[in-house]
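Here the structure comes first, spelled out in structure tokens, and everything after it is commentary.
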There are 2 protein chains.
Amino acid sequence: MNSRQPANRLDTTFAALADPTRRAILARLISGEATVMELAEPFALSQPSISKHLKVLEHAGLISRGRDAQRRPCRIEPVPIAEATEWLESYRQLWEGRFLQLDALLDELKAKKKKRSSR
Amino acid sequence: MNSRQPANRLDTTFAALADPTRRAILARLISGEATVMELAEPFALSQPSISKHLKVLEHAGLISRGRDAQRRPCRIEPVPIAEATEWLESYRQLWEGRFLQLDALLDELKAKKKKRSSR
């Protein structure tokens, strides 16, 4: 289990997501477990290169590896992604909330102006 | 305007978000524009240190700076955050979809087992 604090974990989650190959690996793993060899194939990358990306993803808790010593299949872990999505969602809600307030304020001002000019 | 491709921009967005001070700066800017001095205060950080973080955020297109040469107020820009949220959301939907399928499959298996044992 990952015992790091969520704030710290957000750091490693976002850092791990800041690479197109790692995002593609995660997207591939949604359809099921895969070995390093299976992951290396579609990306036209060497196994050591894929292994390096997998280490970053594993360190961030975004994937875990099976115990089967030969295959060590990778699978995705949902918690860090859920936390990162939550952070972005709350940020977006605040942001949208601010603009809804601005919209409401503009509507109010327009209505007042209209009322005044129709007097 | 930021003319980079979305995939490339996701890289810089996630990299920029991989720091607690930068996330806190963005959260602060939701309530309105702020100067470097105003931003440095609550964080107990030096202005050069805040300026460094602001450069990363500006490079990622997450904030823009005003033209007023003295104040150069910072404001948030919504597009990169929206794109990053979208990517995470679609990933989570796929992931949840997979588990809903798994749940349905388990329910089906349980129902079959029950039917068999009640014969």
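From the backbone phi of the range A:75-90, what are the Karplus-calculated ³J(HN,Hα) couplings (6.51 cos²θ - 1.76 cosθ + 1.60, θ = phi - 60°) in whole Hz, Gly and Pro given as x?
My calculation for the range A:75-90 gives 9, 7, 10, x, 4, x, 5, 4, 5, 5, 4, 4, 4, 5, 5, 5 Hz in order.
How large is the convex hull of the C-alpha atoms of the protein assembly as shown per residue, in Å³? The partial results should precede the final answer.
Working: hull volume 53.4 nm³, N = 238.
Roughly 224 Å³ of hull volume per residue.
Summing +1 for each Lys or Arg and -1 for each Asp or Glu, what net charge is found among the other residues whose Cβ lies under 12 Å from the Cβ of A:L109?
Here the charged neighbours net out to +3.
Using a 1.4 Å probe on the protein heavy atoms, what percent of the accessible area of the protein assembly as shown belongs to carbon and sulfur?
55
If every alpha-carbon in the range B:1-73 counts as one equal scatterer, what log10 I(q)/I(0) does Debye give at q = 0.18, 0.24, 0.26 1/Å?
Calculated log10 I(q)/I(0) at the listed q: -0.70, -1.15, -1.29.
Once the Cβ-Cβ distance between B:Q101 and A:S46 is put in as r, and R0 is 30 Å, what FRET efficiency do you end up with, to the nearest 0.05?
On the way: r = 33 Å, r/R0 = 1.11.
Working from the Cβ atoms, E equals 0.35.
Short version: ³J(HN,Hα) in whole Hz for each residue of the range A:33-47, in order, from phi by Karplus 6.51 cos²θ - 1.76 cosθ + 1.60 (θ = phi - 60°), x for Gly and Pro, what are they?
Residue by residue, the range A:33-47 yields 4, 8, 8, 4, 5, 5, 6, 5, 3, x, 8, 6, 10, 6, 4 Hz.
From the backbone phi of the range B:49-62, what are the Karplus-calculated ³J(HN,Hα) couplings (6.51 cos²θ - 1.76 cosθ + 1.60, θ = phi - 60°) in whole Hz, Gly and Pro given as x?
Taking θ as phi minus 60°, the curve returns 5, 5, 4, 4, 5, 5, 4, 4, 5, 5, 4, 7, x, 7 Hz for the range B:49-62.
Under 5 Å between amide H atoms, partner at least 5 residues away or on a different chain: which partners does A:A34 have, H built in plane at 1.01 Å?
For A:A34, whose amide H was placed from the backbone, the distant partners under 5 Å are A:C74.
In Å², and per residue, what accessible area does chain A have when probed at 1.4 Å with the other protein chains present?
Heavy-atom SASA per residue in chain A reads 63 Å².
What nm distances, shortest first, do you get from the label point of B:E86 to those in the other copies when the point sits 7 angstrom along Cα to Cβ?
2.5
So what is the diffusion coefficient of the range A:11-119 in µm² per second by Stokes-Einstein at 25 °C and 0.890 mPa s, using a Kirkwood Rh over Cα pairs?
D = 145 µm²/s.
Averaged across the residues of B:12-18, what count of C-beta atoms belonging to other chains lies within 10 Å of each residue's C-beta?
6
For chain B, what is the calculated [θ] at 222 nm in deg cm²/dmol (nearest 500), taking -39500 (n - 2.57) for each run of four or more DSSP H residues and dividing by its residue count? It would help to have the intermediate numbers written out before the result.
Values: 5 runs with 82 residues, N = 119.
Counting only the DSSP helices, I get -23000 deg cm²/dmol.
For A:L94 and A:M37, what does the FRET efficiency come to when R0 = 35 Å and r is the distance between their Cβ atoms, rounded to the nearest 0.05?
Values: r = 44 Å, r/R0 = 1.27.
In this case the efficiency is close to 0.20.
Closest approach to the A-B rotation axis by any Cβ of A: residue and distance in angstrom?
A:F14, 2
What's the ranking of A:67-78, A:48-59, A:104-115 by average number of surrounding C-beta atoms within 10 Å, highest first?
Output ranking for A:67-78, A:48-59, A:104-115: A:48-59, A:67-78, A:104-115.
Ignoring ligands, DNA and RNA and using a 1.4 Å probe, state the total buried accessible area between A and B in Å², rounded to the nearest 100.
Counting protein atoms only, the buried area is about 2800 Å².
Tell me the relative contact order for chain B as a rounded percent, counting alpha carbon contacts under 8 Å between residues six or more apart.
Once divided by the residue count of chain B, the mean separation gives 25 percent.
The values are calculated or read from the model by the stated rules, or taken from the named source; none is laboratory data. Quantities reported herein were computed from a predicted structural model and do not represent experimental measurements. In this analysis, Cβ positions are derived from the backbone assuming ideal geometry, glycine residues included, and neighbour counts consider all displayed protein chains. Accessible surface areas use protein heavy atoms only, side chains included; no ligands, DNA or RNA. Shrake-Rupley method; radii C 1.70, N 1.55, O 1.52, S 1.80 Å.
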